[in-house]
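Following: one structure in structure tokens, then a few remarks.
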Amino acid sequence: MEFRHLTREEYDRRLREVLVSTEGMHARVQDVGDGKATIGWGYTLNRNENVAIWTRSGMDLTPAQLEVLRQVDHARPEDRTAIALGFERVLTEEEANQLYRASIHEYEAPAEGAGMPLSVERVAVVSVTYNRGVGAMQRHPVWDAIEGGDRAEAWYQLRYNCWGSRANAEGGLRKRRFAEAEIFGLYDDPEAVSVEEAAAVYAMYREHHAEIDRVERRFGLTVDGVEARPNRIAHANRDYPDIVAIYGEVQTIADSLEPARSRLLAHLRERYPALAGELTEERFNAGLIDPGRFPREFALAAGEGAQPGNPALAPRMDGPAGPPPGPFQHGHLNAAVAALASGDAEQADRALRRLADSPEGQAFIRMGEDALARGEEAARDAMAR
């Protein structure tokens with residue numbers, strides 16, 4: 001993954017622009033629907049270091065205001081909102097900026113721990129951390145993806161797996177995650193996608209196809225064009241004009257996949273002209289192109305040119321190294337049985353997909369269809385007699 005580096009000044013400006021756009025300004029403390037007390041640019045008082053942060057901001061506070069902050073700091077977590085809602089202070093925009101600058105550093109810690117430089121990608125993940133909280137983002141899979149250099153997986157985690165858990169706010173949070181994932185980016189450069197990168201994007205999409213379809217069907221636009229009502233992608237493009245002006249509109253999943261789809265399909269069709277009829281956009285969109293059928297090709301793609309390849313790609317792209325031991329002659333079927341025996345439903349699903357996409361699997365499906373047709377014909381003949 002190639003980070004899009006920023007200077008300190010650029011980074012600070014862009015991060016504030018994103019947070020201002022997504023959080024909105026709250027001059028007075030209020031519960032915005034999440035059960036917490038919020039003021040300024042999304043600053044929550046539900047913490048135990050308010051006095052230190054407000055003092056660091058340089059704002060003058062009355063004794064009564066300081067006392068409320070002290071009470072919140074020492075209160076039980078479940079009591080903090082009620083106490084904090086009694087904080088009597090009306091912030092100007094500049095005072096909100098001061099509070100933001102005094103508190104933002106704590107939300108940088110996870111990105112720093114993952115080794116992220118000042119970059120556009122870091123803007124996106126710090127925005128998510130600011131919204132969800134450092135505790136909620138600790139040990140999140142997105143950090144494993146970032147540390148492993150797996151941009152596609154990190155993008156998936158941001159877009160689909162970082163929304164939170166408050167069902168009453170899910171629509172708004174999905175809207176924000178669509179925007180933040182767009183900022184992060186699915187590609188190093190969508191205008192110059194390598195075969196390696198296209199393969200990594202397809203591998204991610206194939207692995208998470210069911211969840212991507214479920215979320216898009218409820219909140220966005222599926223790869224097949226089924227639009228949710230309301231469409232939170234459209235809402236993000238409507239409600240975050242400043243983000244759109246800088247990073248472009250939030251793309252649908254179909255448009256997001258297009259650079260990888262066109263690059264990978266063109267490459268495979270050229271290498272395997274006899275299989276061109278199977279290498280269709282429809283099969284790509286359905287996740288039905290099995291990388292296991294092109295082991296040499298994907299090995300070359302993962303190490304294209306002088307590039308070392310994406311180490312996170314191999315586990316997804318590799319088919320079974322050899323026929324796994326089991327009661328069947330077909331390796332994918334044995335792999336599915338082994339996965340089911342170990343309770344790994346996702347691995348079993350992937351193995352069965354590979355089986356269905358293999359020549360043997362296709363032949364088995366045709367045999368079943370023929371048998372079903374013969375059975376239906378025999379039933380009709382019996383009824384006619």
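Quick note: the coordinates plus some simple rules give every number you see, no bench work behind them. No experiment lies behind these values; they were computed from the predicted model shown. Here Cβ is always computed from backbone atoms with ideal geometry, including for glycine, and neighbour counts include all displayed protein chains.
3J(HN,Hα) along the range 254-270, derived from phi through the Karplus expression 6.51 cos²θ - 1.76 cosθ + 1.60 where θ = phi - 60°, amounts to 4, 5, 4, 7, 4, x, 5, 4, 5, 5, 5, 5, 4, 5, 5, 5, 5 Hz, with x in place of Gly and Pro. From the alpha carbon centroid of the range 70-148 to that of the range 202-276 is 29 Å.
Sorting the segments 80-88, 267-275, 194-202 by their mean number of nearby beta carbons within 10 angstrom, highest to lowest, gives 194-202, 80-88, 267-275.
Between the amide H of H26 and those of G40, W41, G42, distances stay under 5 Å, these residues lying 5 or more places away or on another chain, with hydrogens modeled in the peptide plane.
Of the trypsin sites (Lys or Arg not before Pro) in the range 95-150, the ones in a loop by DSSP (not H, G, I, E or B) with at most 14 other beta carbons within 10 Å are R139. Note on the range 1-120: Cα convex hull, mean projected area over all directions, 8.2 nm².
Judged by the ratio a/c of the largest to the smallest principal axis of the C-alpha gyration tensor, the range 118-233 counts as oblate, that ratio being 1.5 or greater while a/b is no larger than b/c.
Once backbone amide H atoms are built at 1.01 Å from N, S119 has L6 as its partners under 5 Å, excluding neighbours fewer than 5 places away on the same chain. Any idea what log10 I(q)/I(0) is at q = 0.13, 0.17 Å⁻¹ for the range 67-170, Debye with uniform C-alpha scatterers and no solvent? Listed by q, the Debye log ratios stand at -0.63, -0.94.
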